[in-house]
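To start, the structure itself, in structure tokens.
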Amino acid sequence: MKKFLVLIMAVALLFLLGCDLELESPLATPNDVETPSASSPVATATPSATFDDAGNTPESTMPSSGNVSNPTGSGNASGGTHSTSKPTSKPTSKPTSGTAKPTAKPTSKPTSGSTDAPSKPEYPVVIVPGILATELVCEDRVIWPFFDMDMDPSSVDKSQLFPLITEIFGNLNMLKFTPDGVSANRVLPRRYSPVGSILEDRTYKIGVDDTYYDLAKALSDVVGSDKVFFFGYDWRMDIQYIGHALDSYIDSVCQKTGSDKVNIIAHSMGGLVTSSYLSQTKTVKASTVITLGSPFLGSDMATELLYEKDFDRIVRSHVLPILGYGQQPRSDSSSKDKIIEVAVNAIYDVSITLPSIYGLVPGESQALFEQPLSTAASMGFATSKALCAGYAKAFSKVDHYNVIGIGSDSVQFNVSGSNYEKVMVDGDGTVTKNSACAGNLFTSNLIELRLTHVELVTDSGSINTIIDLMY
């Protein structure tokens with residue numbers, strides 16, 4: 001049911017988001033989890049990464065089966081499609097064809113293939129995906145994604161259709177935060193070791209729908225699969241808290257590989273997580289950071305969903321066709337309104353409890369939300385303001401390249417008091433160009449690609465550009 005996953009990712013801000021690495025290695029257990037202090041606003045912590053001699057996360061295993069299967073094939077969490085071209089070696093030049101055409105190139109970066117240009121150290125690389133990026137587990141049960149992606153909805157008997165939809169969206173309740181801003185259930189993210197044999201064993205996926213396979217494969221061809229890591233985290237939490245988890249994870253990667261530093265590739269909200277890490281850590285262990293379509297000033301897709309409750313349109317355009325209400329309407333069309341109601345309410349009820357989603361609302365648009373704000377909103381808004389104020393200092397600690405997508409309409413709210421005008425401006429379809437550049441802050445080492453938000457990590461030309469910048 002891959003198209004159904006596309007819907008859920010898009011609705012819950014998949015384009016602000018990314019995907020989790022699944023390996024043969026086990027799932028993190030409570031022994032691997034950092035327990036927050038009593039004063040922490042988050043009750044469920046993201047586990048730190050520790051590896052055994054085989055490069056796996058210790059303790060218990062959790063199969064990738066049950067209510068979620070792991071099919072092979074293309075597709076991604078936010079509706080894009082994978083590039084069919086997989087770089088198999090380090091590129092010797094920038095792409096000259098295809099959709100990925102850099103319109104700006106940092107002048108300080110030597111052109112690939114130059115014989116007199118010194119090469120950068122081949123540090124281990126950590127891929128930091130975005131929101132919805134990681135498979136989540138609660139009590140030995142996979143709750144994100146929360147349905148069998150191999151299920152063929154056309155095979156569902158019409159008498160079973162509404163009960164099935166009710167069950168699927170009812171499972172969303174497991175992801176809720178309480179009014180006090182803590183996880184309603186003990187939820188753990190998948191935590192895995194290096195890419196390793198996953199590149200050959202396509203039973204597993206790099207990302208919830210294998211979105212990051214091509215990128216991980218290309219990086220592995222350059223530095224080795226034992227030096228490519230995928231940072232899985234609980235994407236529901238406050239972004240500042242996730243930054244703490246990334247700090248611990250990078251320490252573990254350095255310990256495992258014997259390296260004193262790593263390189264970071266951060267997609268979408270992963271760029272904000274990386275900023276949080278750079279701001280908070282006492283000792284930065286990152287050399288080069290490449291951000292890809294990161295919403296440094298937020299994305300009004302979050303505003304659209306949280307403030308306007310704009311789920312009905314998405315449910316009608318995506319869910320209903322998948323369930324058979326498309327060009328050939330089902331005979332039980334009377335249940336359509338019930339399905340819309342269940343889907344819209346379930347998604348909205350969860351979304352409004354998650355600090356991370358509020359953290360993606362642009363500062364200007366935050367004025368639209370009523371006072372007093374919920375704990376989740378207060379946490380998210382405070383974090384987004386703190387991050388914006390600290391970007392210059394945070395990224396001055398590393399060699400930063402900013403890769404953004406252009407050429408696609410992206411939503412923007414122009415707010416005046418309690419009123420707003422919703423317009424479409426240039427961007428990658430999810431993040432506006434202005435937000436991805438943090439205004440004028442991240443424009444010196446800027447690479448503009450005529451790609452959508454997801455294509456920034458799936459397009460072969462973009463992947464070549466990323467590797468060229470990093471190594």
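Step through the residues of region 344-350 one at a time and calculate ³J(HN,Hα) from phi using the Karplus curve (6.51 cos²θ - 1.76 cosθ + 1.60, θ = phi - 60°), rounding each to whole Hz and writing x for Gly and Pro.
For region 344-350, the Karplus-derived couplings read 4, 5, 5, 5, 5, 4, 7 Hz, x marking Gly and Pro.
For the pair D140/D409, report the inter-label distance in nm, with labels modelled 7 Å from Cα in the Cβ direction.
For the pair D140/D409, the computed spacing is 5.0 nm.
Amide H of I127 versus every other amide H placed in the peptide plane: which residues, excluding those fewer than 5 positions away on the same chain, fall under 5 Å?
F229, F230, F231, I265
Mind checking the full-extension length gain between N345 and Q255? Use 0.36 nm per residue of separation minus the Cα-Cα distance, one decimal, nm.
Residue separation times 0.36 nm, minus the Cα-Cα distance, leaves 27.9 nm.
Ranked by Cβ crowding within 10 angstrom, fewest neighbours first, how are F169, F296 ordered?
In order of increasing Cβ crowding within 10 Å: F169, F296.
With a 10 Å Cβ neighbour count serving as the proxy for reagent exposure, in which order, fewest first, do T430, T452 appear?
Ordered from fewest to most neighbouring Cβ atoms within 10 Å, T430, T452 come out as T452, T430.
Where Lys and Arg each count +1 and Asp and Glu each count -1, what net charge lies around S365 among other residues with Cβ under 12 Å from its Cβ?
Taking every Cβ under 12 Å from that of S365, the sum is -4.
Test of understanding: ordering H267, H453, H400 by Cβ neighbours within 10 Å, fewest first, what list do you get?
If I rank by nearby Cβ atoms, fewest first, I get H400, H267, H453.
Could you tell me whether region 205-293 comes out rounded, prolate or oblate from its Cα gyration tensor? Rule is a ≥ b ≥ c as square roots of the eigenvalues, rounded for a/c under 1.5, then prolate if a/b exceeds b/c, otherwise oblate.
Taking the square roots of the gyration eigenvalues as a ≥ b ≥ c, region 205-293 is oblate.
Quick one: if you stick a label point 7 Å off each Cα along the C-beta vector at D180 and D337, how many nm between them?
Between D180 and D337, the label points sit 4.1 nm apart.
Report the gain in length on full extension from A367 to A386: 0.36 nm times residue separation, minus Cα-Cα distance, nm rounded to one decimal.
The A367-A386 span can extend by a further 5.2 nm.
Near K282, within a Cβ-to-Cβ distance under 12 Å, what is the net charge of the other residues, with Lys and Arg +1 and Asp and Glu -1?
0
Taking every DSSP beta bridge that has both residues in region 387-471, what percent is antiparallel when rounded to the nearest 5?
Working: 10 of 15 bridges.
DSSP beta bridges in region 387-471 are roughly 65 percent antiparallel.
Report the label-to-label distance for K422 and K309 in nanometres (one decimal), using points 7 Å from each Cα along the Cα→Cβ vector.
With each label point 7 Å from Cα toward Cβ, the separation is 1.4 nm.
Take the cross-link list K120/K285; K338/K433; K397/K422; K217/K256; K176/K397 and give me the ones stretching past 27 Å between alpha-carbons.
K338/K433; K397/K422; K176/K397
Give, in nm to one decimal, the length gained when the segment between N173 and K120 is fully stretched (0.36 nm per residue of separation minus the Cα-Cα distance). Mind showing how you got there, number by number?
Details: separation 53, 0.36 × 53 = 19.08 nm, distance 4.66 nm.
In short, 14.4 nm is gained.
Readers should treat all values here as calculations from the given coordinates under stated rules, not as data from a laboratory. Here the structure is a predicted model, which means the values were calculated and not measured. Heads up, the Cβs are rebuilt from the backbone with ideal geometry, glycines too, and the neighbour counts pull from every protein chain shown.
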